[in-house]
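This report concerns only the one structure given below.
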Amino acid sequence: MALLEVTDLNTRFRTDDGIVKAVSGVSFTVESGETLGVVGESGSGKSVTFLTLMGLVDRRHAEVSGSVRFDGQEILGASGKQLQKIRGRRIGMIFQDPMTSLNPVKKIGWQLEEAVLLHNDVTHDEARRRAIEILKEVEIPKADTRIDDYPHQFSGGMRQRVMIAMALINNPEVLIADEPTTALDVTTQAQILRLMTKLQEEHGMAIVMITHDLGVVAELSDDVLVMYGGRVVEQAEVDDLFTKPEMPYTWGLLGSLPRLDITSARLEQIPGQPPSLLHPPSGCAFNPRCAYAFDRCHEELPELRAGAVGEGHRFRCHLSDDERARIWEAKKASLGAAEGSAA
Amino acid sequence: MIRYLIRRFFWAVWLFFMATFITYVIFFLIPSSPGRITGFGFSVSPVQAAQINSQWHLDVPAYQQYWIFVWNMIRHQSLGYSFQNGASVRWIMAQDARVTGSIVLGGAVLWLLISFPVGVLSALRPRSLFDRAAMVFVLVGIASPPVWLGLILAYLFGFKLGWTPIADYCNFASSAGGECSGPVHWAYHLILPWLTFAFLFAALYVRIIRATLLETASEDYIRTARAKGAPARRVVVRHMLRNSLLPVVTMLGMDIAYVLGNVLFVERVFNLHGLGIEVLSAVHTSDVPVIIGVIVCITLAVIVANFIVDVAYAVLDPRVRLL
Ligand SMILES: Nc1ncnc2c1ncn2[C@@H]1O[C@H](COP(=O)(O)OP(=O)(O)OP(=O)(O)O)[C@@H](O)[C@H]1O
Ligand SMILES: [Mg+2]
């Protein structure tokens, strides 16, 4: 049994302009100790998916349906009390912007201790001891004095370390990292990712890594979820996804992956805009931008179906197996040629 | 923190002297040598006028007069003597400031007591029945002129229902003797003036508190707190309130000044002899020392209020302490 099992998750926001279909029919699983990479353009519903399963979307404005089973227990629509026991204790979460994600008027120590005290019946001293310990673990220098600093006294990278420390202080089984490095500079990004890998080895938690960066996915993930327009459009083990992506959007993503060994002139951008979730296009949401779209793509939403590799690799596309194989071979050749000429 | 406070303190002192200086210049450049016009209500001969002028140091240049004024204020804590009746301005100010201070501070406490719970509750349940009812209250409060409101309150509760007194001030300290003294009578007599002020400002503050809370609720660190597993109540009390207090504190500092400028209307309606009434009659009689005394008093109150706001800010927000 998977640790986290999400089935047919839907999130719809009621807004003044109409209903925003932010997440539609999303299903996936996370196994203990594994890393799931989640990629997709801005607005594809990555954050909302995970905020929904944590019970962090405002239910007054959002309609949520589907099922989220954590360790066998249904948590979607669970009571506030039940969720509070899971959040921060068994599932930790960190966010994109470390500059705004810590309370500016509370000391770092207070915020870390709070995380301990909310879930454990321990003394303040013990909570503080644990806080210092975890700060050391995320490699904050002089942890025992810096614990009395305020967030504004930390740099962005340091704050993200504090966020990670706060998410891990209760040894959760899952860490959901929502673009943890997007707001940081490249060197700091690498440090944070290395730190997360190290912590995963030590703590053995599962990680959900939400990111725009396919390079990060390739490096860290076991499985990958590609999202587009609020839906999962392809899911696969990481090697399968990179060696044999099965649908045009993923091809586009791989084509736009900046790599040092490919001259940037050959980088392919996906033309067009991400779809509106307020008025999504009929049929396949990617059809307005897809070079291979035909009539059926405009009329019918492709099912998430298994490809040649088996159930582990699923995707949404109306193109026949032969056509997809042919197009991907041609694409690979052109990318490969670019690689060759750069070498 | 200490350095910040010291800087704010010197800034306050500097402001005070600037304010008194400007006041002084304005009033003493207006040609109204009281010795010449009227001496205590009687017409006087030129000789007497000169005598009076020299007695009050009115025959020396303005900058020297200012210097004498400052010197007396610092050295003797004296603000001079009323042209009208020769009473010590300091004594007059002490009497009036008690009245005005009671109205303003009591009103501020009352409006905060009303607006905090109402603002917090309506922010917790936006668009609920309670929230909508509170918004009606806010609109009525903001729309009603204080004078009109004061008169209505006096008529309704004081005159028609006879629940409250409609005029006069009672001393807070019971040592003054008589039936009209002591905290109970003091508060009893001030209820209507307080309500008059509180109604308008409670309305404004409910709106501000609701808005800042709703804004704070969408901050990233609030999401962090919830992701940690903090219960909803704790999120509001421990994470949101303090952050939303900052704009409220700023407003409070400014509004105390605003209220002091407008306290006259309430004093008039409820016949309370405070600074407002005092300055009004002093203007009619060109009683410059009293006018300056009132201005010094109010300036001091505003500066002290702002200093307290600065301190409160530093206490509430660690980022300010670095400035
Ligand atoms: N509270 C809300 N009310 C209305 N619409 C919302 C709300 N939250 C998110 N959305 C919409 O849901 C869609 C998905 O947003 P989401 O934040 O999940 O995207 P994302 O994939 O995480 O993008 P990014 O990479 O920029 O973080 C967006 O179109 C967004 O406008
Ligand atoms: Mg996001």
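The values are calculated or read from the model by the stated rules, or taken from the named source; none is laboratory data. This is a predicted model, so every value here is computed, not measured. Cβ: placed from backbone, ideal geometry, glycine included. Neighbour counts: every protein chain shown. For accessibility, only protein heavy atoms count, side chains too; no ligands or nucleic acids. Shrake-Rupley method; radii C 1.70, N 1.55, O 1.52, S 1.80 Å.
A few points about this structure:
- Total residues in segment A:121-148 satisfying the condition of being modelled with pLDDT under 95, open to solvent by less than 50 Å² (accessible area, probe 1.4 Å) and not in a helix (DSSP H, G or I): the figure is 2.
- Residue under evaluation A:Gln73, criteria (1) within 13 Å of another protein chain (Cβ to nearest Cβ); (2) open to solvent by 20 Å² or more (accessible area, probe 1.4 Å); (3) under 23 Å from A:His203 (Cβ atoms), criterion not met: (1)
- Segment B:302-321, subset surrounded by fewer than 18 Cβ atoms within 10 Å (Cβ to Cβ) and without any contact (Cβ under 8 Å) to a residue 40 or more places away in the chain, residue farthest from B:Ile2 (Cα to Cα): B:Arg319
- Meets criteria (surrounded by fewer than 17 Cβ atoms within 10 Å (Cβ to Cβ), within 16 Å of ligand 2 (Cβ to nearest atom) and farther than 19 Å from A:Leu175 by Cβ) for A:Ser42: yes
- Taken over segment A:216-255, the criterion of being open to solvent by less than 10 Å² (accessible area, probe 1.4 Å) and acidic (Asp, Glu) is satisfied by A:Glu234, A:Glu246.
- Every residue from segment B:240-265 that is touching a Leu at 6+ places or on another chain (Cβ under 9 Å), under 14 Å from B:Ala301 (Cα atoms) and not charged (D, E, K, R): B:Leu252, B:Ile256, B:Leu260, B:Val263
- Candidate set: segment A:149-177, residues that are of a type in the set (Val, Ile, Thr) and not in a helix (DSSP H, G or I); chosen: the one farthest from the other protein chains (Cβ to nearest Cβ): A:Val174
- Taken over segment A:45-57, the criterion of being away from ligand 2 (no atom under 12 Å from the Cβ) and at negative phi is satisfied by A:Thr52, A:Leu53, A:Met54, A:Leu56, A:Val57.
- Residue check for A:Thr35: of a type in the set (S, T, N, Q), under 14 Å from the mean Cα position of the chain (by Cα) and either open to solvent by 40 Å² or more (accessible area, probe 1.4 Å) or not assigned by TED's automatic domain parsing to the domain that holds A:Glu114 (or both): yes
- Any hit, segment A:86-93, residues being away from chain B (no Cβ under 14 Å) and either at pLDDT 95 or above or outside any helix (DSSP H, G or I) (or both): no
- Number of residues in segment A:102-119 that are of a type in the set (S, T, N, Q) and either more than 15 Å from A:Ile134 (Cβ to Cβ) or open to solvent by 40 Å² or more (accessible area, probe 1.4 Å) (or both) equals 1.
- Subset of segment A:178-223 (residues that are of a type in the set (Asp, Glu), part of a loop (DSSP other than H, G, I, E, B) and within 16 Å of ligand 1 (Cβ to nearest atom)): A:Glu179, A:Asp213
- Checked against (1) in contact (Cβ under 8 Å) with a residue 40 or more places away in the chain; (2) under 25 Å from the mean Cα position of the chain (by Cα), A:Asn171 passes all but condition (1).
- Condition met for B:Ala257 (within 14 Å of chain A (Cβ to nearest Cβ) and farther than 20 Å from B:Gly158 by Cα): no
- Residues that are open to solvent by 30 Å² or more (accessible area, probe 1.4 Å) and among the hydrophobic types (A, V, I, L, M, F, W, C) were ranked within segment A:291-321; the one that is nearest to the chain's Cα centre (by Cα) is A:Leu304.
- Among the residues of segment A:180-208, those that are within 16 Å of ligand 2 (Cβ to nearest atom) and under 14 Å from A:Gln160 (Cβ atoms) comprise A:Pro180, A:Thr181, A:Thr182, A:Ala183, A:Leu184.
- Assessment of segment A:140-152 against the conditions (closer than 23 Å to A:Val217 by Cα and charged (D, E, K, R)) yields no matching residue.
- Test: residue in segment B:276-299 that is part of a helix (DSSP H, G or I), open to solvent by 60 Å² or more (accessible area, probe 1.4 Å) and of a type in the set (D, E, K, R): no
- Condition broken by B:Arg319, with the remaining ones in (1) in contact with a His (Cβ under 7 Å, 6 or more places away or on another chain); (2) more than 14 Å from chain A (Cβ to nearest Cβ) satisfied: (2)
- Residues (open to solvent by less than 10 Å² (accessible area, probe 1.4 Å) and either hydroxyl-bearing (Ser, Thr, Tyr) or assigned by TED's automatic domain parsing to the domain that holds A:Leu277 (or both)) located in segment A:18-32: A:Ser24
- Selection from segment B:112-130 of residues that are touching a Phe, Trp or Tyr at 6+ places or on another chain (Cβ under 9 Å) and either outside any helix (DSSP H, G or I) or open to solvent by less than 40 Å² (accessible area, probe 1.4 Å) (or both): B:Ser115, B:Val118, B:Gly119, B:Ser122
- Condition check for A:Lys21: away from chain B (no Cβ under 14 Å), touching a residue at least 12 places away in the same chain (Cβ under 8 Å) and within 14 Å of ligand 2 (Cβ to nearest atom): no
- Among (1) away from ligand 2 (no atom under 16 Å from the Cβ); (2) surrounded by 19 or more Cβ atoms within 10 Å (Cβ to Cβ), the one test that A:Ala177 misses: (1)
- Residue that is farthest from A:Arg87 (Cα to Cα), among those in segment B:239-250 that are within 13 Å of chain A (Cβ to nearest Cβ) and open to solvent by less than 40 Å² (accessible area, probe 1.4 Å): B:Val249
- Hits in segment B:26-69 (condition: within 17 Å of B:Val294 (Cβ to Cβ), among the aliphatic types (A, V, I, L, M) and either buried (at least 16 other Cβ atoms within 10 Å of the Cβ) or modelled with pLDDT of 75 or more (or both)): B:Ile26
- Test: residue in segment B:81-103 that is farther than 22 Å from B:Cys297 by Cα and modelled with pLDDT of 85 or more: no
- Test: residue in segment B:301-312 that is closer than 30 Å to A:Pro104 by Cα, within 14 Å of chain A (Cβ to nearest Cβ), in contact with a helix residue (DSSP H, G or I) (Cβ under 9 Å, 6 or more places away or on another chain) and in a helix (DSSP H, G or I): yes
- Only a single item in (1) without any contact (Cβ under 8 Å) to a residue 24 or more places away in the chain; (2) within 16 Å of ligand 2 (Cβ to nearest atom) is not met by A:Arg60, and it is number (2).
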